[in-house]
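Since every read-out is calculated from the coordinates, none of them should be taken as a lab result. A quick note: this is a predicted structure, and the numbers were derived from the prediction, not measured. With ideal geometry, Cβ positions are generated from the backbone for all residues, glycine too; neighbour counts draw on all protein chains shown.
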Amino acid sequence: MNLLQQIVNGVIIGHAYALVAVGWTMLLGAARLVNFGHGQMYMVGAFVAWGVMNLTGVPYPVAVMAAILVGALIGAVMQRLLMRLTLSRDLVSLMIVTLGFGQMLEGGAGLAFGPKPQTLSSPFQSMSLHFGAIWFTVQDLILVVATIIVFLGLRYLLNATRFGIAVRMVAEDPALTRLAGIDISRVYMGIFAFEGAAVAFAATLVAPRTPILTSMDFDQVVMTFVVIVLGGIGSVAGSYVAGLSLGLFTALFGALVSPAYTTAAVFALLIAVMALRPGQLAASTNFAR
Amino acid sequence: MSARLEVRDLSVAYGASRAVAIGGLLVEPGTLASIIGPNGAGKSTLVNAIANWSRAEPRVDGVILMDGENIAGLPAHQHVRRGLQLVPEGRGVFMGLTVEENLRDGAPSGPGRRTYSVQDVYDLFPRLHERRTTPGGSLSGGERQMLAVGRALRMAPKALLLDEPSIGLAPRFVSLLLQTVRALVDAGLTVLLVEQNVRAAMEASDVVHLLERGRLIASGRVDDMRNDPRILEAYLGGAHG
């Protein structure tokens with residue numbers, strides 16, 4: 001077994017976890033909202049890119065842009081539909097409604113794209129780079145670099161832009177934010193659109209690694225949830241570190257112990273973390289750091 | 001000249017219980033009016049209702065005129081954009097944002113609206129300049145109130161509603177804050193102040209309104225109200241106080 005190769009794999013998977021989680025992290029950190037339709041939004045992102053490529057024959061990067069736009073639109077529509085619940089932060093209702101929203105997306109995608117597994121083909125998936133005993137694809141490299149850019153960009157957005165400061169204000173005290181002359185429903189819409197766009201972007205970069213199915217949402221929700229909890233609910237930097245750690249953990253556990261028990265081991269880790277630091281489930285006000 | 005702010009037939013209710021019922025209240029441009037009264041009289045409920053803002057969900061009916069335009073029922077952020085700015089009681093700053101970030105957003109000036117730059121706010125409250133990189137959560141109570149007023153000024157208000165700015169402050173901060181507010185009024189700002197500290201409020205105000213059990217029971221120029229037996233006895237430690 002090549003330990004170095006396993007570390008490289010772990011870094012790649014870890015960045016995938018982090019990128020898939022970044023939208024939900026923002027949603028949770030900034031708006032204190034949950035979205036159990038996250039996995040289906042991931043699935044829709046991958047299928048939109050696949051569908052656009054197959055229907056129009058446009059190259060992969062154009063399909064990525066299309067998926068991001070559709071993702072942002074789905075997020076914005078979701079916010080409009082859930083307006084009253086988002087403004088009152090009615091968490092239990094939101095969990096159930098977003099779960100239902102996700103089921104609708106899954107049903108719609110099943111009708112539109114069919115039940116068969118498909119392949120989102122990226123030209124970069126077949127290009128590989130070799131360095132001695134280790135190797136990875138250009139797609140992997142793009143994924144890692146894009147993830148780093150997204151996290152740095154989000155950090156900049158939250159700390160140095162007008163919209164980002166409005167997001168942090170809404171995160172801390174939505175009522176007081178109104179007194180700054182800000183229409184908070186528009187801030188929430190921006191946050192949901194970001195969540196939709198980010199998860200669709202993640203899907204287009206991650207999905208070429210494996211076949212895609214309209215019923216593939218569950219694993220994504222589970223892993224995203226683990227990343228968010230480990231990262232300290234809603235912390236941007238925390239999610240990056242947690243995604244990377246989880247990627248390394250799954251790669252090394254799979255290689256050193258057994259790939260069959262990786263998911264179980266991740267859950268054991270999650271339970272241990274939640275038992276040891278339950279206070280972390282309360283979102284911090286410093287999520288932008 | 002019409003009043004800067006006029007309230008007519010305002011009623012505020014939480015569920016079935018009516019908290020405030022006001023027939024009429026005027027605030028003239030460039031004056032400082034105070035609302036005084038005992039705890040639970042509905043002072044905060046009243047100013048929150050004028051701004052159509054609340055952390056609870058009261059039912060508000062009535063007419064609120066700002067320079068003659070009825071703004072009742074508009075969302076709170078629209079009041080701010082029209083120049084009616086509330087500084088709420090208690091939490092008026094963002095704890096997770098630094099002083100600088102708290103002051104960053106400002107409204108553009110408009111007719112009859114003075115724009116206060118960040119530097120103007122620092123000139124008014126030099127202490128905030130010293131603390132500009134400190135998060136709101138690490139400021140003292142007095143510094144937070146200065147920052148809350150500074151944030152409000154950045155919105156270029158025509159009328160400022162100040163809800164208990166002196167609560168929990170050391171006496172020297174109370175007089176410093178009210179002196180600053182008075183100076184702003186002398187420079188043209190219109191202020192409606194809610195204040196528990198009646199003596200301090202009387203010193204800074206032009207007009208005083210006495211609110212008890214949700215109703216205005218006396219209103220007048222500060223010099224007349226000073227000798228009003230209801231205020232003298234209950235609030236200024238008169239013969240029977």
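Miscellaneous remarks
- Centre separation in Å (Cα based) which lies between the range B:35-89 and the range A:137-161: 44
- Unit charges at the beta carbon, dipole of chain A: most positive-side option, A:160, A:55, A:269: A:160
- The residue A:84 and residue A:252 beta-carbon pair, evaluated with R₀ = 56 Å, returns a calculated FRET efficiency of approximately 0.75.
- The range A:73-221 - percent relative contact order, Cα under 8 Å, separation 6 or more: 40
- Where trypsin sites (Lys or Arg not before Pro) fall in DSSP loop in the range A:21-106, at most 12 other Cβ within 10 Å: A:89
- Nearest 10 degrees, 0 to 90: helix A:184-206 Cα axis against chain A principal axis: 0
- Cβ-Cβ distance of residue B:213 and residue B:70, R₀ of 25 Å, FRET efficiency by 1/(1 + (r/R0)^6): the value works out to about 0.40.
- For the peptide B:81-89, the mean number of other protein chain Cβ atoms found within 10 angstrom of a residue's Cβ is 2.
- Furthest towards positive pole of dipole, B:152, B:194, B:225, structure part the range B:131-230, Cβ charges: B:152
- Under the convention that each Lys and Arg Cβ holds +1 and each Asp and Glu Cβ holds -1, the size of the dipole of the range A:1-154 around its Cα centre is about 320 debye.
- Estimated distance in nm for a label pair at residue A:271 and residue B:179, the labels positioned 7 Å out from Cα along Cα-to-Cβ: 6.5
- Computed from point charges on the beta carbon alone (+1 for Lys and Arg, -1 for Asp and Glu), the dipole magnitude for the range A:79-206 about its Cα centre is near 260 Debye.
- In a reduced charge model with +1 at each Lys and Arg Cβ and -1 at each Asp and Glu Cβ, the protein assembly as shown shows a dipole moment near 240 debye about its Cα centre.
- Other residues whose C-beta falls under 10 angstrom from the C-beta of residue B:154 contribute a net charge of 0, scoring Lys and Arg +1 and Asp and Glu -1.
- The ellipsoid that matches the Cα gyration tensor of chain A has semi-axes, each √(5λ) in whole angstrom, of 30, 23, 18, with the longest given first.
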